[in-house]
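The values are calculated or read from the model by the stated rules, or taken from the named source; none is laboratory data. Just so we're clear, the structure is a prediction, and the values are computed from it rather than from any experiment. Note that we place each Cβ from the backbone using ideal geometry, even for glycine, and neighbour counts take in every protein chain shown. Quick note on the areas: whole protein, heavy atoms, side chains included, nothing else; ligands and nucleic acids left out. Shrake-Rupley method; radii C 1.70, N 1.55, O 1.52, S 1.80 Å.
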Amino acid sequence: MTNRQSHAIVLKVTAHGEADKIVTLYSPDLGRITAIAKGANRSKKRFVNKLEPFTFLQILYRPPTRGSLFFLSEAELVNAYLSLRTTYSRYVTATFINELIQRFSGEQDPDPAVFALLGWAFHSLDQGKFPAKTATLFLLRLLGLCGYQPQLSHCSSCRRPLEQSPNFTLYPGNGTLLCTHCRSTRSDSSLTLSLQTLKFLHSAQHMELQQLDRLQLPAATTSQALGALYNYSRYLLQQDIHSWKQLKQVTGTQV
Ligand SMILES: [Zn+2]
């Protein structure tokens with residue numbers, strides 16, 4: 001079978017025996033795939049410094065003949081995003097982003113918009129953008145692409161607009177808002193969003209990716225948004241994201 005070509009970002013790499021590596025990739029054409037790189041530990045020319053988490057590659061591959069394991073023939077570096085492996089706060093944020101992609105994407109279910117979002121997030125981190133803001137915007141947009149777009153313009157019960165309640169609670173059951181009048185008194189404060197945070201998130205939902213970096217937001221507001229979106233994601237996935245603990249520490253998120 002002849003080799004095919006695609007772009008891909010490395011999500012995860014594990015050793016396989018003495019010589020091989022198993023690589024989890026996200027490609028705009030293939031979605032999330034797992035591939036074996038035969039002899040990756042020996043072949044300096046084909047794979048050295050390329051099969052590392054967060055690298056953006058051009059790959060030559062062969063699809064599986066049976067099962068789901070692709071065969072990775074060669075990889076060329078498009079962007080190493082080296083600072084994501086050498087700067088701790090960026091590393092933790094990129095790991096969180098990789099983990100979200102792995103949980104929210106289906107195997108071999110490609111979405112070029114998810115790939116573009118992943119590329120935007122790593123580029124922003126590599127350019128030194130504030131990690132908490134990049135993580136927040138990434139998560140917000142990923143939820144939208146996966147069919148879980150939070151509805152952030154009014155109370156879903158009484159339809160009160162944003163300006164008419166001091167804050168709202170994001171209801172994780174369906175990603176809608178409840179105002180102070182409609183929510184129960186025992187509602188979870190980790191899902192509370194201020195008017196400023198909501199306006200920021202609502203506008204960020206509809207912007208071009210390249211414009212997102214221009215959005216300005218105080219650190220405390222970013223932290224509130226990230227906490228609420230994370231809790232909504234955890235509800236959807238019904239499991240924790242392992243790297244959340246480290247991300248909370250490096251971003252100072254209070255949830
Ligand atoms: Zn209401």
For this session: Test A80 against the stated conditions and say whether it is among the aliphatic types (A, V, I, L, M) and at pLDDT below 95.
Result: no
Exercise. When both residues are 6+ apart or on different chains and their Cβ atoms are under 9 Å apart, which pairs have a first residue that lies in the stretch 241-255 and is on the phi > 0 side of the Ramachandran plot, and a second that is modelled with pLDDT under 90?
Worked result: G252/A219; G252/A220
For this session: Scan the stretch 160-183 and give yes if some residue there is assigned to a loop (DSSP other than H, G, I, E, B), open to solvent by less than 40 Å² (accessible area, probe 1.4 Å) and within 13 Å of the ligand (Cβ to nearest atom), otherwise no.
Result: yes
Exercise. How many residues does the stretch 238-250 hold that are open to solvent by 30 Å² or more (accessible area, probe 1.4 Å) and touching a Lys or Arg at 6+ places or on another chain (Cβ under 8 Å)?
Worked result: 2
Exercise. Can you tell me how many residues in the stretch 27-83 are within 13 Å of V13 (Cβ to Cβ) and small (G, A, S)?
Worked result: 4
For this session: Would you check if there is a residue in the stretch 85-107 being more than 22 Å from D240 (Cβ to Cβ) and open to solvent by less than 20 Å² (accessible area, probe 1.4 Å)?
Result: no
Exercise. Does the stretch 208-221 hold any residues that are open to solvent by less than 80 Å² (accessible area, probe 1.4 Å) and within 16 Å of G119 (Cβ to Cβ), and which are they?
Worked result: L209, Q211, L212, D213
Problem set entry | Unmet requirement for N3, which otherwise passes all of (1) open to solvent by less than 60 Å² (accessible area, probe 1.4 Å); (2) touching a Leu at 6+ places or on another chain (Cβ under 6 Å); (3) not acidic (D, E) | (1)
Seminar exercise, completed: Within the stretch 128-159, the count of residues that are away from the ligand (no atom under 12 Å from the Cβ) and open to solvent by less than 10 Å² (accessible area, probe 1.4 Å) comes to 12
Exercise. Does any residue of the stretch 187-197 turn out to be acidic (D, E) and away from the ligand (no atom under 16 Å from the Cβ)?
Worked result: yes
